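Read through the structure below, which is laid out as structure tokens, and then see the notes.
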């Protein structure tokens, strides 16, 4: 077996036991990248010094393992573009807190992965460096915006990856690529040094081969950052402790069971929920606020924040001017500028914030009854390449099931819950918990993963 | 020529002042834009507006803003927040300024001037911008940006249109500067731009009750005298237009100190749209009443209060008290001098008068008894015998016969000259009233 196929946990244990060496892992990962990156277009920039850095680390918990990082995390002295040519030659003078913590724990940035430009999208098709192809089937999209990171995991171009989610950008590509995507609570992982998209919902997180790997990685990323006032002061538990908790007795609310357009995915979810029921969990159909309102809220709030966050790229700094913005960025800047304008701000932005509060209250109500909430991650399998053409609201529709929890800041995880043998594509299940309860989400996800055959690595042949 | 009699001034002021906190408003960089020896030496990803840079609010700056608000009698918003003010300018690296929109820290205050009360609408806290430098580099005209000032804490104090004269505007401005300095929260150096003034000016018919329909904003005035002159100039200009049946254009103007005139900068037909919204990078700020009380306790006695107390406790004339309380540290020291003087023959008011008329030199921080001793020495008279005095006067009269004649012909101001001459002749200090009387006997 190629050592590139190792999970983070396996790699750490194998290195510890001396079963293989770090350079063997690098050799196999590099080989995979060299063979397929030109076709799949996963990495935009490779860190040429990765292996040297790894060799010189000393004994740190992550042992120098190669990690893929979405190209909107600023990495000092390593080009960071956010997949927009506006930043074509931008080499950051500072490091994001998340990657700094990753490095301090012994992770090595192997390369920077493709995304929708500025993280605007759910397909990587808005990337100004070309779309990424789904490693499970190259006729399909990987999802987005963290499509490059999800694909890097699926293609064994790394041992694990970092991504960011604003509304679905970790979980949706994870679902489409058949990997695990953990979006922590808003404020659990610092946003400092990440090219901002929608500041009030941006949440850095992980894309990994297993639930266990996401718990290991989150341990090193989470925590208050004095450089980010929106990070919470809450203590960070050891998330790996949640991996083997008994979940019997938990009460799960099954959401969006009655929503139109989920005819393919919901029967699968219902079938898979039986697995959890066998583990002693009580599952009930629950009704939540219609996610279509979340799309409206998210679209207005996010466009507004985007129009402000992108204003700094005014052509004076960073080399390239505003004419380098792609169509999607231009659309969002214009829409956001409009919704924040005098006379419209009340009608749009302020109303959206009020509706956002209603979603928060709705989740509060649901969590008074249920320990976690489960729904499909994406309405369907990965879409074919080119699917976004002429669909300005593509991302919003694909992320519809995730936007309510995203605008509410809740933690959620995608785990593969079905594998179509014919297409080699996956469906994903989304497990959401209350604020700061990643551990509960991880516990349920880990139990499900252990008792089902859908994980490609755990059940590798 | 003046048509001004038909009109009254309607004027509100906006005062900006940089707070002198150690670090900047939203990052840990040193806050010392005027002390920096090199441009862009006090910068970081946050104040350079780099992507991924995030603001962290300076607690001290917020407390100081509230302190100023309390000193100006403002109400305090216990729940407040920062908002983004979006606009483009090369000195604004993020494309927006972090400011406050609908929930400023302070509102509804009051400032007393000799010409009446001025209501404070609001005081809010924001970040200053960078500074553009227009230079020639290698023969090419270029604009350079210095970000040392970027994100320095800046307060804006806005008044209601209560100011009715150019002199009142000046007095108000000086008072605000004095309070900022008393509270030790700002140096308020006008020349360097640490304090900037803007006046919103319009004229209304003397008997009108409604506010005028137009308003002219004169921006970036960096001296109180310039502000006074700019308002005077605008009043004349508006009156001339109004007399012709025209309404002055709604616009922003600048002040040219060389020509002594204002000049148009840009017209302001409609309000600008800054697309304000709450900054998602900064959580709202919540204060308890107890925290506000703690800040209130930290406010020192201000100049007005001190002057009133001096009048009562030391019997110092109001005008002297006002002048000598202008500077907080000097006043605090002077107070020890006045208190010591109460135990002597010298009254605090005598001392105050002597200090203002520069009769005695004072060194701040000097022991009180030394100052009092110097004053007493200045006013003390030596013992002079009647005979000594007679001889001296005779000598002076003899040597200045011409002056004596002129004195007799009505040039009374020469008396001082004679008094000086006599004292010089004696080489001693004589009790002035006694000498005057004696001299008059001799020469009148």
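The values are calculated or read from the model by the stated rules, or taken from the named source; none is laboratory data. Bear in mind the structure is a predicted one, so any value in this text is a computation, not a measurement. Positions of Cβ are backbone-derived with ideal geometry, glycine not excepted, and every protein chain shown enters the neighbour counts.
Out of B:330, B:353, B:395, B:364, one residue alone is touching a residue at least 24 places away in the same chain (Cβ under 8 Å) and closer than 14 Å to residue B:442 by Cα. It is B:395.
Within segment A:280-290, does at least one residue satisfy the condition of being loosely packed, with under 15 Cβ neighbours inside 10 Å and within 24 Å of residue B:281 (Cα to Cα)?
no
With respect to the conditions (1) at pLDDT 80 or above; (2) under 21 Å from residue B:314 (Cβ atoms), residue B:402 lacks only one, and its number is (2). Screening segment B:228-237 for residues that are touching a helix residue (DSSP H, G or I) at 6+ places or on another chain (Cβ under 9 Å) and over 24 Å from residue B:193 (Cα atoms) and picking the one that is surrounded by the fewest Cβ atoms within 10 Å (Cβ to Cβ) gives B:236. Go through segment B:209-222 and count every residue that is without any contact (Cβ under 8 Å) to a residue 60 or more places away in the chain and out of contact with any helix residue (DSSP H, G or I) (no Cβ under 8 Å at 6 or more places or on another chain). Number of matching residues: 9. Is it the case that some residue within segment A:88-96 is touching a helix residue (DSSP H, G or I) at 6+ places or on another chain (Cβ under 6 Å) and either touching a residue at least 40 places away in the same chain (Cβ under 8 Å) or within 14 Å of chain B (Cβ to nearest Cβ) (or both)? Looking for residues that are touching a helix residue (DSSP H, G or I) at 6+ places or on another chain (Cβ under 6 Å) and either touching a residue at least 40 places away in the same chain (Cβ under 8 Å) or within 14 Å of chain B (Cβ to nearest Cβ) (or both), one finds none in segment A:88-96, hence no. Scanning segment B:39-72 for residues that are away from every other protein chain (no Cβ under 11 Å) and over 28 Å from residue B:181 (Cβ atoms) turns up just one, B:40. Which count do you get for residues in segment A:288-329 that are touching a residue at least 40 places away in the same chain (Cβ under 8 Å), at the interface with another protein chain (Cβ under 9 Å from one of its Cβ atoms) and within 15 Å of residue B:51 (Cβ to Cβ)? Residues flagged as touching a residue at least 40 places away in the same chain (Cβ under 8 Å), at the interface with another protein chain (Cβ under 9 Å from one of its Cβ atoms) and within 15 Å of residue B:51 (Cβ to Cβ) within segment A:288-329 amount to 5.
The set of residues from segment B:74-108 being assigned to a loop (DSSP other than H, G, I, E, B) and away from every other protein chain (no Cβ under 11 Å) comprises B:74, B:77, B:78, B:81, B:100, B:103, B:104, B:105. Within segment A:330-354, if we keep just the residues that are within 21 Å of residue A:196 (Cα to Cα) and more than 12 Å from chain B (Cβ to nearest Cβ), the residue that is nearest to the chain's Cα centre (by Cα) turns out to be A:332. Pairing each residue of segment A:63-78 that is closer than 11 Å to residue A:98 by Cβ and within 11 Å of another protein chain (Cβ to nearest Cβ) with any residue that is assigned to a loop (DSSP other than H, G, I, E, B) and modelled with pLDDT under 95, provided the two are 6+ apart or on different chains, yields C-beta distances under 9 Å for A:72/A:197.
Look through B:111, B:142, B:118 and report the one residue that is within 14 Å of chain A (Cβ to nearest Cβ) and either within 21 Å of the chain's Cα centre (by Cα) or farther than 29 Å from residue B:233 by Cβ (or both).
Every option except B:142 fails the conditions.
If you check A:402, A:397, A:366, A:410 for being closer than 30 Å to residue A:234 by Cα and surrounded by fewer than 21 Cβ atoms within 10 Å (Cβ to Cβ), only one passes: A:366.
Considering B:196, B:225, B:177, the condition of being in contact with a helix residue (DSSP H, G or I) (Cβ under 9 Å, 6 or more places away or on another chain) and crowded, with 16+ Cβ neighbours inside 10 Å is satisfied by B:177 alone. Being touching a helix residue (DSSP H, G or I) at 6+ places or on another chain (Cβ under 8 Å) and touching a residue at least 24 places away in the same chain (Cβ under 8 Å) holds for only one residue in A:367, A:363, and it is A:363. Under 7 Å by Cβ, and 6 or more places apart or on different chains, what pairs join a residue from segment B:83-95 that is free of Cβ contacts under 8 Å to residues at least 12 places away in the same chain with one that is surrounded by fewer than 21 Cβ atoms within 10 Å (Cβ to Cβ)? Taking only residues 6 or more apart or on different chains, the pairs are B:88/A:314; B:88/B:95. Kindly establish whether residue B:300 is under 29 Å from residue A:199 (Cβ atoms) and in contact (Cβ under 8 Å) with a residue 24 or more places away in the chain. Considered against the rule, which asks whether it is under 29 Å from residue A:199 (Cβ atoms) and in contact (Cβ under 8 Å) with a residue 24 or more places away in the chain, residue B:300 comes out as no.
Quick check on residue B:248: is it crowded, with 17+ Cβ neighbours inside 10 Å and in contact (Cβ under 8 Å) with a residue 40 or more places away in the chain?
Yes; evaluated as a whole, the condition is true for this residue.
Has segment B:294-314 got at least one residue that is within 14 Å of another protein chain (Cβ to nearest Cβ), loosely packed, with under 12 Cβ neighbours inside 10 Å and closer than 30 Å to residue B:81 by Cα?
Checking segment B:294-314: not a single residue is within 14 Å of another protein chain (Cβ to nearest Cβ), loosely packed, with under 12 Cβ neighbours inside 10 Å and closer than 30 Å to residue B:81 by Cα.
In segment A:187-203, the count of residues that are away from every other protein chain (no Cβ under 14 Å), crowded, with 24+ Cβ neighbours inside 10 Å and within 8 Å of the chain's Cα centre (by Cα) is zero.
Within segment B:265-286, identify whether any single residue is closer than 30 Å to residue B:112 by Cα, away from chain A (no Cβ under 14 Å) and either at pLDDT below 95 or in a loop (DSSP other than H, G, I, E, B) (or both), and answer yes or no. So far as segment B:265-286 goes, no, none of its residues is closer than 30 Å to residue B:112 by Cα, away from chain A (no Cβ under 14 Å) and either at pLDDT below 95 or in a loop (DSSP other than H, G, I, E, B) (or both). Among the residues of segment B:89-112, those identified as buried (at least 20 other Cβ atoms within 10 Å of the Cβ) and within 17 Å of residue B:68 (Cα to Cα) are B:100, B:104, B:105, B:106, B:109, B:111. Would you confirm whether any residue within segment B:163-174 is touching a strand residue (DSSP E or B) at 6+ places or on another chain (Cβ under 8 Å) and part of a loop (DSSP other than H, G, I, E, B)? The answer is yes, given that some residue of segment B:163-174 is touching a strand residue (DSSP E or B) at 6+ places or on another chain (Cβ under 8 Å) and part of a loop (DSSP other than H, G, I, E, B). Determine, yes or no, whether residue A:60 is closer than 10 Å to residue A:107 by Cβ, surrounded by 22 or more Cβ atoms within 10 Å (Cβ to Cβ) and touching a residue at least 24 places away in the same chain (Cβ under 8 Å). The answer is no for residue A:60. Entry remark, segment A:303-320: residues being touching a helix residue (DSSP H, G or I) at 6+ places or on another chain (Cβ under 8 Å) and assigned to a helix (DSSP H, G or I) number 7 in total.
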